[in-house]
Structure formats: C-alpha cells, structure tokens
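Okay, structure first, notes after.
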Amino acid sequence: MTMELNEYPFLRYNNFLEVSLSDRIYHECMYMTAYTYGERDNTNLPPTGMAAEIKPGMFIYDTIVVKINDELISQLDHPVKQVRSYINFFHPKEFAYFHTDGHCLTFMYYPGDSSYDDDEDGYTIFDYGSVTYAEKPIPNSLVRFYGGIRHKVTPFKSKNRYSIVTKYNFL
C-alpha cells in the first residue's frame, strides 16, 4: 500500500463539471435513478445504503466517467482498468461501515446544489491508522484516493447523500 499512497496521494478536483451538468446529474440522482438496497462491503456486516450501476450510454456515466477516462487516467504512471461505476445513495442519518475498495484507484464525485453546510455532515472519513481525515462533500468536486485506505461515508442530517464512484484496478 505504501507505493500507491506515495504515488497516488489524495487529490481533489474542484468545479469538475460545468454547473449546468452538475445540476442535471444531481437531478438524475434524486429523481431519475432506480436504486437497489444495500452495498455489502464486509460479509460480516449488514448491507447499508443503496446503489445503482451506471453504464456507457447513461448521461451520468457519459459525463463523469468519460471525462475521468479522457482527462485523468492518461496522466497516471501505471496502467489501470476500469472495473465498476455506480451511484451510492444514503438516506439522512443512515450510517456506513469502514471498508477498503482493494488495490485500486477510486474516484468519487459529489453531486449537489451549490451550497454545502458543515453542520449537515456528509463527510467521507479516511482512516490512516493514527490519523483520521474527513473530506467535505463539496458539490461538483471529484476526489481521487487509493482504494486500500480504510474509509466510510457519513450521512447528511436532513437530506439524501449521493456520490458517483468509479474504481480502476491496477494492472
């Protein structure tokens, strides 16, 4: 894991999309997507949240994942293969468990309106052993991190929390 942490540190891309595209993605997450109950990141724990797979030809995929592939993947020093793209959906006060994504790079896009209130929470928590880092879910931002880092999301207090996730295995 040390190589990946050093070579692929946590990165944030603010204002990742044009505002009109970000607004449409948020609307699609809220009103146009059918979700399946429960991601199970650990077989010993119950499922949490909801998820919806996204594929080529879908607006969210063609906007976010294609941009990641076209603009960011080519900048990596190691070859990777895209393995999964999906939307995570958590209801208010619905908590997740710590987990890892495995030996991969994870990109997480935060859709939402232009406002963010710290008191709503919704952070992504990263556990680096003796240090814990909380990442704000700033709307229209994309974060990249090594999937081997233990992490979990926290819910918003009063609204649904969405994130679009794409994972790339190292080859």
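Computed values, structure above
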{"quantity": "Dipole axis of region 16-114 (+1 Lys, Arg; -1 Asp, Glu on Cβ), positive-most option in 42, 103, 91", "calculated": "42"}
{"quantity": "Mean separation of Cα contacts under 8 Å, 6 or more apart, over the residue count of the chain: relative contact order %", "calculated": "32 percent"}
{"quantity": "For the chain: Kirkwood Rh in Å [reciprocal of mean 1/r, alpha carbons]", "calculated": "16.3 Å"}
{"quantity": "Lys, Arg +1 and Asp, Glu -1 on Cβ, resulting dipole of the chain about Cα centre, debye, nearest 20", "calculated": "360 debye"}
{"quantity": "Max mean-square fluctuation residue, GNM over the chain, Cα-Cα springs under 10 Å, options 96, 51, 34", "calculated": "34"}
{"quantity": "Lysine pairs with alpha-carbon atoms under 17 Å apart, the chain, spacing 8 or more or separate chains", "calculated": "14"}
{"quantity": "Residue with peak Gaussian network fluctuation, the chain [Cα springs, cutoff 10 Å], from 138, 125, 87", "calculated": "125"}
{"quantity": "Shape box of region 51-124 [Cα atoms, principal axes, largest first, Å]", "calculated": "38, 27, 22"}
{"quantity": "Where chymotrypsin sites (Phe, Trp or Tyr not before Pro) fall in DSSP loop in region 65-169, at most 12 other Cβ within 10 Å", "calculated": "95, 128"}
{"quantity": "Computed over region 91-171: relative contact order in percent, which uses C-alpha pairs under 8 Å that are six or more apart", "calculated": "50 percent"}
{"quantity": "Largest-first ellipsoid semi-axes for region 13-70, taking √(5λ) over the Cα gyration tensor eigenvalues, angstrom", "calculated": "25, 14, 11"}
{"quantity": "Ranked order, 36, 166, 43 - accessible area, probe 1.4 Å, largest first", "calculated": "43, 36, 166"}
{"quantity": "Part-to-part distance (alpha-carbon centres) for region 138-162 and region 74-125, which is given in Å", "calculated": "4 Å"}
{"quantity": "Calculated [θ] (222 nm, deg cm²/dmol) that DSSP helices of n ≥ 4 give over the chain, each run adding -39,500 (n - 2.57)", "calculated": "-2500 deg cm²/dmol"}
{"quantity": "Fluctuation leader among 154, 106, 132 - the chain, Gaussian network, Cα springs under 10 angstrom", "calculated": "132"}
{"quantity": "Within region 1-93, GluC sites (Glu not before Pro) in DSSP loop having at most 12 other beta-carbon neighbours inside 10 Å", "calculated": "18"}
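The values are calculated or read from the model by the stated rules, or taken from the named source; none is laboratory data. Remember, predicted model here, so these are calculated numbers, not experimental data. Ideal geometry is used to build each Cβ from the backbone, glycine not excepted, and the neighbour counts take in all protein chains shown. Calculation scope for accessible area: heavy atoms of the full protein, side chains included, ligands and nucleic acids excluded. Shrake-Rupley method; radii C 1.70, N 1.55, O 1.52, S 1.80 Å.
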